[in-house]
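See structure below.
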Amino acid sequence: MKLKPIISDEMATVNSGVSEKVTLALFGVGRIGSVHLKSIARHLRIHLKYLVEEAVDIAKKALNDVGLEHVSIVNFKGVSQVLEDKSVQGVVVCTPTSTHQKVVTQALRAGKAVFCEKPVAHNSEAADECYKVAEECKLPLLCAFHKRFDPTFGPIIKRSRDGEIGQIRYIKTTLRDTMDPSFPGLSTLGGCFLDLALHDVDLACACIGEFPTTVSGDGHAFAKDIEKNKDFDQAIANLKFPSGALATIEMSRFCNYGYDQRLEVFGIEGMLSGSNVHDNHVVAFNSSGTSQPKLQASFPERYLESYYNEMDHFVKVIQGKEKLCISRIDAVAAIKIVEACEKAAKTKTIIDLTW
Ligand SMILES: NC(=O)c1ccc[n+]([C@@H]2O[C@H](COP(=O)([O-])OP(=O)(O)OC[C@H]3O[C@@H](n4cnc5c(N)ncnc54)[C@H](O)[C@@H]3O)[C@@H](O)[C@H]2O)c1
């Protein structure tokens, strides 16, 4: 089945007059790779030439589901064929975090623009190295912080930065996932802070326009498998910014009522608040009260549009129509901050950061 393109993109194409396609290769079609594959299939200006994936049956099914059966499936050993193909302009990296640095730098050195799922690498130094290579090669490296592209959170960032609510005093984010704590791939994601808090640390910094100079954190492992990995499944990160603004990021691996994602920015002249998205908009009223449909189940549903928007940004960056909107310092700083928060949580300390 071929997914229909999103209308707004048809409009964008008509308005911009850009009809050329960019040729891409997708690396990894697991949980997030299959979501990006859907955006790619919908995008009128993307020609996907290769899917690099070892699990051939999963790759075939994923391509079949979006009507891209003609795309070549290449296994990990065949990567050089993809990287040496001059027609490939960009690579979308959706492989496990531990592989990012290698895949990203190989792709950049082969002359490809890179879209990389967060985090760009397993730690802040490695991520900075990736950007160094990108600068040497004069190629864009996009860290996929999809919340920046969200139709609700994106405007909150802009309106906070434009001064609509005056001096920002406090930011509160809620990030409660619906993942099963016994999910076998959990240990490949790099821990609760790097995997979850990273998004919202970036969101808080983007709203305030500063990086925190003091951080702390705390957490607990309710699930035995997570405790064994010395990780947390419920945690908080506290940030203090040079302007005096504070932020609290609350994260949970498992939430039984749905994918709970909220953002509140409180300023001296008001508040901007982004609430949850439900399966539909029907609100039922009766004598026992008022009820709403469930929250959306997880990230593929909640951020469908955000993922599409960030892929569209990548295409426009390759085509020279937009400048990268997430910089080296933003992508690396977010990792440095979550590393400090995790250390603070594990050592019960408060950590100062310098920039
Ligand atoms: N932005 C988001 O909302 C979001 C959501 C989930 C995951 N992620 C990030 O995406 C990345 C992948 O996570 P996931 O949960 O999709 O993992 P996953 O394990 O579900 O999928 C990874 C896929 O990559 C393949 N793979 C492994 N090594 C490879 C290589 N060298 N070349 C090509 N393919 C390779 C695996 O076979 C697998 O199919 C992680 O960095 C994670 O932090 C981001």
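None of the figures in this text is laboratory data; all of them are computed from the coordinates on show. These numbers come from a predicted model, not from an experiment. Here the Cβ is made from the backbone with ideal geometry for all residues, glycine too, and neighbour counts use every protein chain on show.
Summary of values
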{"quantity": "Proxy reagent accessibility, fewest Cβ within 10 Å first, across 46, 58, 351", "calculated": "58, 351, 46"}
{"quantity": "Two-decimal Rg/Rh across region 7-144, once Rg and the Kirkwood Rh are taken from alpha-carbon atoms", "calculated": "0.97"}
{"quantity": "Value of [θ]222 nm, deg cm²/dmol, for the chain, DSSP H segments ≥ 4, -39500 (n - 2.57) each, nearest 500", "calculated": "-10500 deg cm²/dmol"}
{"quantity": "Backbone N within region 313-331 under 12 Å of label point (7 Å from residue 135 Cα along the Cβ vector)", "calculated": "328-330"}
{"quantity": "Nearest-ten-degree value, helix 124-137 long axis tilted from longest Cα axis of the chain", "calculated": "40"}
{"quantity": "Residue 102 paired with residue 85, simple spin-label distance in nm, labels 7 Å along Cα-to-beta-carbon", "calculated": "2.1"}
{"quantity": "Sequence of 146, 281 once ranked by neighbouring C-beta atoms within 10 Å, starting from the fewest", "calculated": "281, 146"}
{"quantity": "Per-residue Cβ neighbour rank within 10 angstrom, fewest leading, 60, 147", "calculated": "60, 147"}
{"quantity": "Computed FRET value (nearest 0.05) for residue 70 with residue 280, which takes r as the C-beta separation and R₀ as 25 Å", "calculated": "0.10"}
{"quantity": "Using alpha-carbon coordinates, inclination of helix 56-65 to the longest axis of the chain, degrees", "calculated": "90"}
{"quantity": "13 Å beta-carbon shell around residue 83, net charge (K/R +1, D/E -1)", "calculated": "+4"}
{"quantity": "Whole-number D in µm²/s for the chain (Stokes-Einstein; Kirkwood sum over Cα pairs; 37 °C, 0.692 mPa s)", "calculated": "155"}
{"quantity": "Among 65, 200, 279, residue whose mean-square fluctuation peaks in a GNM of the chain (springs only between Cα atoms under 10 Å)", "calculated": "279"}
{"quantity": "Debye intensity ratio in log₁₀ form over the Cα atoms of region 189-231, taken at each q of 0.13, 0.32 Å⁻¹", "calculated": "-0.38, -1.16"}
{"quantity": "Selected from 122, 32, 72, residue furthest toward positive end of dipole (region 7-144; charges at beta carbon)", "calculated": "72"}
{"quantity": "Violating pairs (Cα-Cα greater than 32 angstrom) within the set 21/336; 112/224; 158/230; 172/343", "calculated": "21/336; 112/224; 158/230"}
{"quantity": "Assigned charges on the beta-carbon of Lys, Arg, Asp, Glu; the chain dipole about Cα centre (debye)", "calculated": "420"}
{"quantity": "Acute angle (nearest 10 degrees) that the helix 31-42 long axis makes with the longest principal axis of the chain, alpha-carbon atoms", "calculated": "60"}
